[in-house]
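*Asks:* This structure is in structure tokens; I'll ask about it shortly.
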Amino acid sequence: MGFDIDKIRADFPILLRQVHNKPLIYFDNAATSQKPKAVIDALVHYYTHLNANIHRGVHALSQEATDAYEQARDGVKTFFNAQFREEIIFTAGTTHSINIVAHGFRSLLNPGDEIIVGQAEHHSNIVPWQMACDLTGAVLKVLPIDDNGQLQLDALQSLLGPKTQLVVVNHVSNALGTINPIEKIIEMAHQAGAKVLIDGAQASSHIQVDVSALNVDFYTTSAHKMCGPTGVGMLYGKKELLELLPPYQGGGEMIKEVYFQGTTYAGLPHKFEAGTPNIAGGIGFGAAIEYLNEIGLDEIAAYEHDLLLYATEELKQVQGLRIYGDVPLKTAVISFNIEGLHPYDVGTLLDQMGIAVRTGQHCAQPVMDFYGIPGTVRASFAFYNTKDEIDTLVKGVKRAVNMLL
Ligand code: 7TS
């Protein structure tokens, strides 16, 4: 089966849109991906035919909704190759997933314990750990990046020690697209007796992730970056570690028995899923995984890599353009600036041409501070983008240079 780009594009209704009277060129996929009809249909189908609360009704609708939601969990489990379905916690997204773990660790950390965090993290993989450290007296240590945005593994070796409880890094940087050597990081951390959380928000729809083979302790992602709905995501955790962590929220569904004298908690995954969840979102997440499986992540990765190489080559022809994190191991993200131009101005001009990019700090201020810049223009590609669209981007960037410089 070849990669049928026309057929794939036809799956995404939004790609037919015009923006400012120009065909939409959507290059903000790192912020959120577009949704195929299969996912939109799954949401409509749930609300049209299945809508009921789950895990609690004896009636048919509730059973059907529960089955659909739990089937989605099975799909996610298989996609990430977790050992047990209880290890897949449905959350509101990566931010929520990381907060569940960071909150849980508050009761496990002692003053002087250490957490190592990457320098190129999204704020959602920094702030929850700072909060945990503030409350426990644990210390946050920063694993530095080099000029190419790559984590310095020799520095990790010297940061790891008997006090290290956790190493938390992203699989792929959202600001740069650089892929981190997480296999090595996990191995090094484990050798030092530390646990590892990998923020996979930018990886999971571009790289095949096998949490069992990685032997990772926690892995997080958001469905909306994987062609799924917003407001739903995943926390994978090793069963014995999730059992160790206290619940994040109290409420319905996360309990076994409630007495005013005390409450006992439900088993996994429900212990971390208090309240009525995003049922439609979970089902839509399952549909997104099915959709990605049908195309094949390896095919997606190869196609996107080809787009990345093409766009990198073409953009480099633009005078004064600098790409941050220009390394071989990358997802299809290009973060750049043009000498003398503010990223916001470039982004605004591109928008006028129907091209959606993100500009600014990308919720990764330490990366911008590292490079001493206010932000970047970030073009992030997906498997439904084309080289023709990249040609239009390059033309647009050249036009911005001519108009603004
Ligand atoms: N971690 C990484 C690496 C991310 O890229 C993002 C979102 C998050 C965590 C947070 O995910 P959420 O779904 O909980 O919001 N990144 C971006 C971005 O790069 N542009 O917009 C959102």
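The values are calculated or read from the model by the stated rules, or taken from the named source; none is laboratory data. Keep in mind the model is a prediction, meaning the values are calculated, not measured. Reconstructed Cβ throughout: ideal geometry from the backbone, glycine too, with neighbour counts over all protein chains shown.
Listed here are the residues, each with its yes/no results for (1) assigned to a loop (DSSP other than H, G, I, E, B); (2) surrounded by fewer than 24 Cβ atoms within 10 Å (Cβ to Cβ).
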position: Lys141; (1), (2): no, yes
position: Asp147; (1), (2): yes, yes
position: Gln157; (1), (2): no, yes
position: Pro162; (1), (2): yes, yes
position: Val169; (1), (2): no, no
position: Leu176; (1), (2): yes, no
position: Ser205; (1), (2): yes, no
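*Asks:* When the range 207-238 is examined, which residues are found to be surrounded by fewer than 24 Cβ atoms within 10 Å (Cβ to Cβ), on the phi > 0 side of the Ramachandran plot and within 16 Å of the ligand (Cβ to nearest atom)?
*Replies:* Gly231
*Asks:* If you don't mind, there's one more thing I want to ask. Could you run through the range 261-300 and say how many residues are part of a helix (DSSP H, G or I), free of Cβ contacts under 8 Å to residues at least 60 places away in the same chain and of a type in the set (Ser, Thr, Tyr)?
*Replies:* Going through the range 261-300 one residue at a time, the tally reaches 0.
*Asks:* Exactly one of these conditions fails for Ala72: (1) surrounded by 14 or more Cβ atoms within 10 Å (Cβ to Cβ); (2) out of contact with any Gly (no Cβ under 9 Å at 6 or more places or on another chain); (3) assigned to a helix (DSSP H, G or I). Give me its number.
*Replies:* Among (1) surrounded by 14 or more Cβ atoms within 10 Å (Cβ to Cβ); (2) out of contact with any Gly (no Cβ under 9 Å at 6 or more places or on another chain); (3) assigned to a helix (DSSP H, G or I), the lone unmet condition for Ala72 is (2).
*Asks:* Turning to a different aspect of this structure: Sort through Gly354, Gly325, Gly347 and tell me the only one that's of a type in the set (Gly, Ala, Ser) and under 28 Å from Pro144 (Cα atoms).
*Replies:* After applying the criteria, what remains is Gly325.
*Asks:* Residue check: is Ala302 surrounded by 20 or more Cβ atoms within 10 Å (Cβ to Cβ) and not β-branched (Val, Ile, Thr)?
*Replies:* No.
*Asks:* In addition: List pairs: first residue in the range 30-55 and modelled with pLDDT of 95 or more, second residue aliphatic (A, V, I, L, M) and within 16 Å of the ligand (Cβ to nearest atom) anywhere in the structure, Cβ distance under 6 angstrom, at least six positions apart or on different chains.
*Replies:* Ala30/Val333; Ser33/Ala382; Val39/Ala288
*Asks:* I've got another one for you. In this structure, does Leu309 turn out to be part of a helix (DSSP H, G or I) and either crowded, with 20+ Cβ neighbours inside 10 Å or aliphatic (A, V, I, L, M) (or both)?
*Replies:* yes
*Asks:* Oh, and also: Pull out all pairs, ordered by first then second residue, where Cβ-Cβ is under 6 Å, the residues are six or more apart or on different chains, the first lies in the range 330-348 and is more than 21 Å from Thr32 (Cβ to Cβ), and the second is in a loop (DSSP other than H, G, I, E, B).
*Replies:* Sorted first by the residue in the range 330-348, then by its partner, the pairs are Ile338/Gly320; Glu339/Gly320; Gly340/Leu405.
*Asks:* Give me a count of the residues in the range 91-138 that are small (Gly, Ala, Ser) and either within 14 Å of Asn170 (Cα to Cα) or free of Cβ contacts under 8 Å to residues at least 12 places away in the same chain (or both).
*Replies:* Residues in the range 91-138 being small (Gly, Ala, Ser) and either within 14 Å of Asn170 (Cα to Cα) or free of Cβ contacts under 8 Å to residues at least 12 places away in the same chain (or both): 4 in total.
*Asks:* Of these, Ala60, Ala38, Ala42, which one is crowded, with 20+ Cβ neighbours inside 10 Å and out of contact with any Lys or Arg (no Cβ under 6 Å at 6 or more places or on another chain)?
*Replies:* It is Ala42.
*Asks:* Limited to the range 81-96, what total is found for residues that are assigned to a helix (DSSP H, G or I), of a type outside the set (Asp, Glu) and more than 8 Å from the ligand (Cβ to nearest atom)?
*Replies:* Total meeting the criteria: 1.
*Asks:* Separate question: Consider Lys35 carefully, then state whether it is basic (Lys, Arg) and under 20 Å from the mean Cα position of the chain (by Cα).
*Replies:* When the stated conditions are applied, Lys35 passes them.
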